[in-house]
1. Looking at the range 1-34, which of its residues are touching a residue at least 60 places away in the same chain (Cβ under 8 Å), open to solvent by 90 Å² or more (accessible area, probe 1.4 Å) and within 29 Å of GLN51 (Cα to Cα)?
2. Condition first: modelled with pLDDT of 95 or more and within 16 Å of the ligand (Cβ to nearest atom). Can you find one or more residues in the range 214-234 that meet it?
3. Residue under question is SER29, and the condition is that it be within 13 Å of the ligand (Cβ to nearest atom) and part of a loop (DSSP other than H, G, I, E, B); does it hold?
4. May I ask you to list the residues in the range 267-286 that are of a type in the set (Gly, Ala, Ser) and open to solvent by less than 10 Å² (accessible area, probe 1.4 Å)?
5. Among the residues of the range 128-160 satisfying the criterion of being within 16 Å of the ligand (Cβ to nearest atom) and under 20 Å from ILE181 (Cα atoms), which is most open to solvent (accessible area, probe 1.4 Å)?
6. Identify, from the list ILE226, ILE198, ILE220, ILE234, the residue that is of a type in the set (A, V, I, L, M) and over 28 Å from ALA298 (Cβ atoms).
7. Any residue in the range 60-68 that is part of a loop (DSSP other than H, G, I, E, B), open to solvent by less than 50 Å² (accessible area, probe 1.4 Å) and either within 16 Å of the ligand (Cβ to nearest atom) or among the small types (Gly, Ala, Ser) (or both)?
8. Does the range 73-103 hold any residues that are in a helix (DSSP H, G or I), touching a residue at least 40 places away in the same chain (Cβ under 8 Å) and either open to solvent by 20 Å² or more (accessible area, probe 1.4 Å) or within 15 Å of the ligand (Cβ to nearest atom) (or both), and which are they?
Amino acid sequence: MTNTPDYQQVFQEVAAHLKNVDDCGKVASYIPELSKIDPNKLGIHLTTTKQEHYAFGDYDETFSIQSIAKVFSLTLALKIVGKDMWNRVGVEPSGSPFNSLVQLEYEKGIPRNPFINAGAIVVCDILVSHLHNPKHDLLEFIRSSSGLAHINYSPKLVESEKNTGYRNYAVANFMKDFGNIHNDVETVLDLYFHLCSIEMSCKDLTQAFLFLAAGGVNPITNNTIISRERTKRINSIMLMCGFYDEAGEFAFKTGLPGKSGVGGGIVAVHPGEFCIAVWSPKLNSRGNSYMGMRLLEAITTKTKSSIF
Ligand code: GLN
């Protein structure tokens, strides 16, 4: 039996070390509301499947989780339509940026995976087709599965994304032309922008995604969120596709499945062990948190945490 590493100590050491490293990232500005965030925020939170908590810095402050929320929409849609999902969206890494249009043309409107924007928009279309009140029902699913009733959308972020989401409109309309968006584009994107606007802290994130480290059951609420088989599939897609054209780099550095968002958050999962969330708003050129990647690389290396 191995001893639990002293995560607290490791967080402090790693953060102290990285203080001396230049953060070359830039806060996302293509969504104007995101550019208002203090670039120096830094939070880390880890929750083990035995419900031990380790925290550092701004771990309790909420921020825009952006594409991390695509894991929630995928989970709910998989529960509703099961494997029919894979007729509409693939499970292959895209190797291209999260908002890219190029592959969609020659792959006839079928997005490579559910985590690039195109794939997440198709997942939203599936939710619009099956939910009575999509925005409300999706939020209720996230609240009940995480046991966190305070989780909410940010109306300001929704507005900001709607006003500047030209690429997402292009992607959605393009897929509509191929017949892979069944509902009205405006309605689907309204759900997509709400999904991306969700605000949570690192602490909330580790609680909400702990089910992926525990075979589909949230150990805190004892709720079964999804089957063990589908938990495997979600983790696998995170490992292969969670960081877009940097998915290989993240897997190489951390050896864990994870998901990033342009708000600077990253969640990573060690099945059977823990869920960790980090937040540092400045992004690298691929739209992933520059310091967040470095933090997770250092933490997983120091604690020898990896699925491999
Ligand atoms: N809301 C963002 C967008 O649609 C999400 C991108 C991300 O977090 N990678 O561009």
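The values are calculated or read from the model by the stated rules, or taken from the named source; none is laboratory data. Here the structure is a predicted model, which means the values were calculated and not measured. Here the Cβ is made from the backbone with ideal geometry for all residues, glycine too, and neighbour counts use every protein chain on show. Side chains are part of the model used for accessible areas, which takes the heavy atoms of the whole protein and leaves out ligands, DNA and RNA. Shrake-Rupley method; radii C 1.70, N 1.55, O 1.52, S 1.80 Å.
1. HIS17
2. No.
3. yes
4. ALA268, ALA277, SER280
5. LYS135
6. ILE226
7. Yes; the residues of the range 60-68 include at least one that is part of a loop (DSSP other than H, G, I, E, B), open to solvent by less than 50 Å² (accessible area, probe 1.4 Å) and either within 16 Å of the ligand (Cβ to nearest atom) or among the small types (Gly, Ala, Ser) (or both).
8. SER73, LEU74, LYS79, ILE80, VAL81
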